[in-house]
Amino acid sequence: MNKIAPAINDKPNTEPAGSESIRECIRTASELVRKRSEAAGRKLSYHVTTFGCQMNARDSEKLSGILEECGYIYEEDELSADVVIYNTCTVRDNANQRFFGHLGSIGAVKRKRSGMIIGVCGCLSQEVTAREKILKSFPFVDIVFGTHNVFDLASLLVKALSRDPSEKSHAVTEIWDGTDMIVEDVPVKRNYRFKSGVNIMFGCDNFCSYCIVPYVRGRERSRRSEDIIEEIKRLSDDGVVEVMLLGQNVNSYGKGLDEDIDFAKLLGMVEKVDGIERIRFMTSHPKDLSDELIEVMAASDKICRHIHLPLQSGSSRILESMNRHYTKEQYIELAGRIRERVDGISVTTDIMVGYPGETEKDIDDTIDVIEKVGFDGAFTFIYSKRAGTKAAAMPDQVSDEFVKESFDRVLKKVQDVSTRQAKKIEGRIMDVLVEDINRQDPHLVTGRLSNNLTVHFPGDSSLIGKIVDVKLSSCKGFYYIGEKI
Ligand code: 5AD
Ligand code: SF4
């Protein structure tokens with residue numbers, strides 16, 4: 001078994017890296033970028049490629065923010081940019097393999113463009129074996145940094161830009177094993193002007209037996225409510241109408257803070273911010289979901305009618321082995337209670353198939369929960385063995401054949417149930433936040449209902465960022481075709 005070994009620069013948690021030192025590094029980096037840009041006779045560009053979850057998407061907005069402040073401009077085409085940063089995910093092994101394939105192909109591009117800088121950050125670089133592979137097999141990578149070092153990109157750039165390009169040198173690396181530091185005021189370049197993720201906590205302490213996240217994202221730590229509310233007020237002043245509060249387990253928000261706060265109370269505070277019209281959050285753990293939270297949701301006009309509540313498995317025996325701290329019956333009861341109290345809420349979930357020791361009977365239980373809860377949507381995953389986790393050492397890994405068959409059964413059930421759910425609101429008029437021009441048909445716009453389902457309807461770019469009433473004329477399974485009223 002591969003152990004998750006200590007990181008390269010295992011820093012103590014006391015480093016006072018506040019916004020001032022970030023600004024200082026940005027000033028130095030801008031000077032170097034300006035010189036290179038003058039020599040090239042054009043502006044230098046960047047591209048950040050993101051893999052994985054909403055947390056990574058938010059980190060990428062910070063990386064882009066720092067790069068823009070350093071003087072780089074955004075370049076849509078990854079292969080043409082002067083700086084390319086890969087923000088990686090390592091939750092499942094197939095994502096790792098895909099990323100290594102991708103990284104290999106960019107090496108050929110870099111050989112033709114000597115000034116190009118390539119950085120790798122995110123969860124994959126926290127894993128010792130993966131990181132060693134990057135450093136050894138992809139020597140053209142210039143910067144490798146971890147999930148705790150996103151704020152530090154400008155200082156890493158300074159080091160990379162100061163190197164003599166004619167000398168063969170090792171990548172600049174900065175990977176902390178863990179931290180309890182939270183760096184505020186990192187520059188951000190948002191992907192959308194009208195909606196934004198907001199980190200409310202970092203890390204995870206749950207150690208579900210299959211999951212690598214606690215090892216790569218570190219111990220759970222919450223941001224102070226004052227800092228969160230300040231950030232949301234600034235976002236609102238800047239035109240944001242929808243916020244997504246982000247954490248691996250938002251229901252345990254507040255633990256360890258020096259204030260009388262929990263997630264339900266925080267939501268109450270966010271509700272009071274003028275200009276914010278929709279509030280979402282991700283992800284909830286069923287074991288920590290309180291009655292207070294359900295009541296706050298039920299009473300709110302702003303909190304969206306959607307909860308993502310990862311089930312993982314419907315079998316109590318498997319759930320116990322997974323260290324999830326709830327049973328099949330408790331999950332069904334909880335989902336029922338939420339549906340009963342919060343009118344029109346959609347319940348979505350994550351389900352995993354192929355966990356060690358899983359049998360047909362366990363899959364039957366999962367299918368039974370899908371039916372009983374009536375999920376409005378589900379992400380279904382094949383269990384992936386992650387080195388260093390408890391489940392990776394379990395003896396009875398299941399056969400590929402069983403996994404394939406079970407996965408198909410689960411997926412079919414999810415599709416049937418979620419289509420049935422979506423049909424229930426066909427024909428209704430509901431409010432939609434318009435997000436984009438439709439990718440396939442430029443005469444349509446794409447928006448989201450409060451319950452998180454997608455609607456496409458005729459419209460133009462003037463609607464983007466607005467909340468409008470739309471008739472859900474036709475349900476197409478997991479999305480609708482509508483018309484603006
Ligand atoms: N294999 C497959 N899926 C996993 N997830 C987490 N770890 C693994 C793994 N080892 C899934 C869980 C989680 C989602 C984000 O990813 O379902 O909720
Ligand atoms: Fe992983 Fe469990 Fe933490 Fe979610 S709650 S990030 S599944 S350990």
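The values are calculated or read from the model by the stated rules, or taken from the named source; none is laboratory data. Note that this is a predicted model, so its numbers are computed, not measured. Here Cβ is always computed from backbone atoms with ideal geometry, including for glycine, and neighbour counts include all displayed protein chains. Calculation scope for accessible area: heavy atoms of the full protein, side chains included, ligands and nucleic acids excluded. Shrake-Rupley method; radii C 1.70, N 1.55, O 1.52, S 1.80 Å.
Taking the Cα centre as origin and putting +1 on Lys and Arg beta-carbons and -1 on Asp and Glu beta-carbons, what dipole magnitude results for the chain, to the nearest 20 debye? Show your work: numbers first, answer last.
On the way: 67 positive and 76 negative charges, 259 e Å.
I would put it at about 1240 debye.
What shape does the stretch 145-185 take by its C-alpha gyration tensor, where a ≥ b ≥ c are the square roots of the eigenvalues and a/c under 1.5 counts as rounded, a/b above b/c as prolate, and the rest as oblate?
Details: a/c = 5.24, a/b = 2.11, b/c = 2.49.
Judged from the Cα gyration tensor, the stretch 145-185 comes out oblate (a/c at least 1.5, b/c at or above a/b).
Amide H to amide H under 5 Å from GLN312: which residues, 5+ apart in sequence or cross-chain, H placed 1.01 Å off N in plane?
Long-range HN contacts for GLN312: ASP350, ILE351, MET352.
Starting with the highest mean, order 329-335, 96-102 by the number of other Cβ atoms within 10 Å, averaged over the residues of each peptide. Before the final figure, lay out the partial values.
Details: 329-335: 17.1, 96-102: 15.0.
Result, highest mean first: 329-335, 96-102.
How far apart, in nm, are two points set 7 Å out from the Cα along the Cα-to-Cβ line at ARG224 and at THR359?
In this crude label model, ARG224 to THR359 measures out at 5.4 nm.
Once neighbouring chains are kept in place and the probe is 1.4 Å, which whole percent of the accessible area of the chain is contributed by carbon and sulfur? Before the final figure, lay out each step's value.
Numbers: 10930 of 21820 Å².
Roughly 50 percent, rounded to a whole number.
So who's got an amide H within less than 5 Å of the one on ILE73, skipping anything under 5 residues away but keeping other chains? H placed 1.01 Å off N, in plane.
HN-HN under 5 Å from ILE73: LEU44, SER45, TYR46.
Over the C-alpha atoms of the chain, what are the Rg and the largest Cα-to-Cα span, Dmax, in Å?
23.1, 67
Quick one: order ASP93, ASP343, ASP82, ASP185 from most to least accessible surface, probe 1.4 Å.
Numbers: ASP93 55, ASP343 130, ASP82 15, ASP185 80 Å².
Ranked list, largest accessible area first: ASP343, ASP185, ASP93, ASP82.
Using 18 Å as the cut-off for backbone N distance, which residues of the stretch 320-342 belong to the label zone defined by a point 7 Å from the Cα of GLU371 along Cα→Cβ?
Counting only backbone N, you get 328-333, 336.
Based on DSSP, what percent of beta bridges with both residues in the stretch 195-421 are antiparallel, to the nearest 5? Numbers along the way, then the final one.
Details: 2 of 23 bridges.
Just about 10 percent of them are antiparallel.
Ordered by residue, what ³J(HN,Hα) values in Hz, to whole numbers, does the stretch 310-323 give under the Karplus form 6.51 cos²θ - 1.76 cosθ + 1.60, where θ = phi - 60° and Gly and Pro are x?
So the Karplus estimates, Gly and Pro as x, are x, 8, 6, 8, x, 9, 4, 5, 5, 4, 5, 5, 6, 6 Hz.
Considering the options ILE351, ILE367, GLN97, tell which one lies farthest towards the positive end of the dipole of the chain, charges being +1 on Lys and Arg and -1 on Asp and Glu at the Cβ, about the Cα centre.
Projecting each Cα onto the dipole axis, the largest value belongs to GLN97.
State, as an integer percentage, the relative contact order of the stretch 295-448 based on alpha-carbon contacts under 8 Å between residues 6 or more apart. Show your work: numbers first, answer last.
On the way: 198 pairs, mean separation 32.3, N = 154.
Computed over the stretch 295-448, the figure is 21 percent.
Enumerate the amide H contacts of VAL120 below 5 Å, restricted to partners 5 or more residues apart or on another chain; note that Pro and chain-start residues carry no placed amide H.
Amide H neighbours of VAL120, under 5 Å, 5+ apart: TYR86, ILE143, VAL144, PHE145.
Once Lys and Arg get +1 and Asp and Glu get -1 on their Cβ, which of THR28, ILE118, SER473 lies farthest toward the positive end of the dipole of the chain?
Farthest towards the positive end: ILE118.
Which pairs break 26 Å Cα to Cα here: LYS372/LYS471; LYS189/LYS287; LYS265/LYS484; LYS272/LYS471; LYS424/LYS484; LYS110/LYS133? Let's see the in-between values first.
On the way: LYS372/LYS471 29 Å; LYS189/LYS287 35 Å; LYS265/LYS484 36 Å; LYS272/LYS471 29 Å; LYS424/LYS484 19 Å; LYS110/LYS133 18 Å.
In this structure, LYS372/LYS471; LYS189/LYS287; LYS265/LYS484; LYS272/LYS471 lie more than 26 Å apart at Cα.
Give me the percent of DSSP beta bridges within the chain that run antiparallel, rounded to the nearest 5. Working shown, then result.
On the way: 21 of 63 bridges.
Here the antiparallel bridges make up roughly 35 percent for the chain.
Let me know the shape class of the stretch 195-421, please: from the alpha-carbon gyration tensor, a ≥ b ≥ c as square roots of the eigenvalues, rounded when a/c is under 1.5, otherwise prolate if a/b is greater than b/c, or oblate. Don't skip to the end; give the middle numbers.
On the way: a/c = 2.22, a/b = 1.56, b/c = 1.42.
Since a/c reaches 1.5 and a/b is larger than b/c, the shape of the stretch 195-421 is classed as prolate.
For the pair SER21 and ALA108, what calculated FRET efficiency results from E = 1/(1 + (r/R0)^6), where r is the Cβ-Cβ distance and R0 = 41 Å, to the nearest 0.05? Could the numbers behind the result be given before it?
Values: r = 37 Å, r/R0 = 0.90.
Efficiency at R0 = 41 Å is approximately 0.65.
For SER80, what is the net charge nearby, where nearby means another residue's Cβ is under 14 Å from its Cβ and Lys, Arg count +1, Asp, Glu -1? Could you put the intermediate results ahead of the total?
Numbers: positive: ARG42, LYS43, LYS110, LYS112, ARG113; negative: GLU75, GLU76, ASP77, GLU78, ASP82.
Neighbour charge sum, excluding SER80 itself: 0.
What is the stretch 429-484 by shape, rounded, prolate or oblate, if you read a ≥ b ≥ c off the alpha carbon gyration tensor as root eigenvalues and call it rounded for a/c under 1.5, prolate for a/b larger than b/c, and oblate otherwise? Please list the in-between numbers first.
Numbers: a/c = 1.55, a/b = 1.19, b/c = 1.31.
Oblate shape, in that a/c is at least 1.5 and b/c is the bigger or equal ratio.
Only Cα pairs under 8 Å and at least 6 apart count here; give the relative contact order of the stretch 429-484 as a rounded whole percent. Show your work: numbers first, answer last.
Details: 131 pairs, mean separation 19.9, N = 56.
For the stretch 429-484, the relative contact order is 36 percent.
Which angle between 0 and 90 degrees, to the nearest 10, do you get for helix 93-112 versus the longest principal axis of the chain when only C-alpha atoms count?
30
Roughly how tilted is helix 54-69, in degrees to the nearest 10 and between 0 and 90, from the longest Cα axis of the chain?
That helix lies at roughly 30 degrees to the long axis.
If I stretch the segment between ALA298 and PHE478 completely, what's the gain in nm (0.36 nm per residue apart, minus their alpha carbon distance), one decimal? The partial results should precede the final answer.
Numbers: separation 180, 0.36 × 180 = 64.80 nm, distance 2.45 nm.
Extra length from ALA298 to PHE478 when fully extended: 62.4 nm.
Dividing the Cα convex hull volume of the stretch 19-174 by residue count, how many Å³ per residue is that?
On the way: hull volume 16.1 nm³, N = 156.
Taking the convex hull of the Cα positions in the stretch 19-174, it is 103 Å³ per residue.
For the chain, just give the cysteines left without a disulfide-compatible partner, judged by no other Cys Cβ under 4.7 Å.
Cysteines lacking a close Cβ partner in the chain: CYS25, CYS53, CYS70, CYS89, CYS121, CYS123, CYS204, CYS304, CYS475.
What is the local net charge at CYS208, summed over the other residues whose Cβ is closer than 12 Å to its Cβ (Lys, Arg +1; Asp, Glu -1)?
Net charge around CYS208: +1.
Ranking request for peptides 149-158, 28-37: highest mean number of other beta-carbon atoms within 10 Å first, then the rest in descending order.
By packing density, highest mean first, the sequence is 149-158, 28-37.
May I ask you to evaluate 6.51 cos²θ - 1.76 cosθ + 1.60, the Karplus curve with θ = phi - 60°, for each residue of the stretch 372-385 and list the ³J(HN,Hα) values in order in whole Hz, giving x for glycine and proline?
After applying 6.51 cos²θ - 1.76 cosθ + 1.60, I find 5, 7, x, 4, 7, x, 8, 8, 10, 10, 8, 3, 10, 6 Hz.
With an 8 Å cut-off on Cα pairs and a minimum separation of 6 or more residues, tell me the relative contact order of the chain in percent. Please report the intermediate quantities before stating the final value.
Details: 958 pairs, mean separation 54.2, N = 485.
About 11 percent, as a whole number.
Longer than 23 Å from Cα to Cα, which of LYS62/LYS159; LYS302/LYS466; LYS159/LYS195; LYS43/LYS233; LYS385/LYS413 are they? Say none if no pair is. Can you show the working numbers first?
Working: LYS62/LYS159 19 Å; LYS302/LYS466 15 Å; LYS159/LYS195 34 Å; LYS43/LYS233 33 Å; LYS385/LYS413 25 Å.
The answer is LYS159/LYS195; LYS43/LYS233; LYS385/LYS413.
Rounded to the nearest 20 Debye, what is the dipole magnitude of the stretch 429-484 about its Cα centre when Lys and Arg each give +1 and Asp and Glu each give -1 at the C-beta? Write out the running numbers ahead of the final one.
Values: 6 positive and 7 negative charges, 24 e Å.
In total the dipole reaches around 120 debye.
Any idea how far apart GLU38 and ASP400 come out in nm if each label point goes 7 Å out from Cα toward Cβ?
Output for this residue pair reads 5.9 nm.
Please report, to one decimal in angstroms, the Kirkwood hydrodynamic radius of the stretch 214-328 built from all distinct Cα-Cα pairs.
Numbers: mean 1/r = 0.0651 Å⁻¹.
The answer is 15.4 Å.
Can you tell me which of 106-119, 207-220 comes out highest on packing, and rank the rest after it, using the mean Cβ neighbours within 10 Å? Provide the component values of the computation, followed by the final result.
Details: 106-119: 15.1, 207-220: 20.4.
Peptide ranking by packing, descending: 207-220, 106-119.
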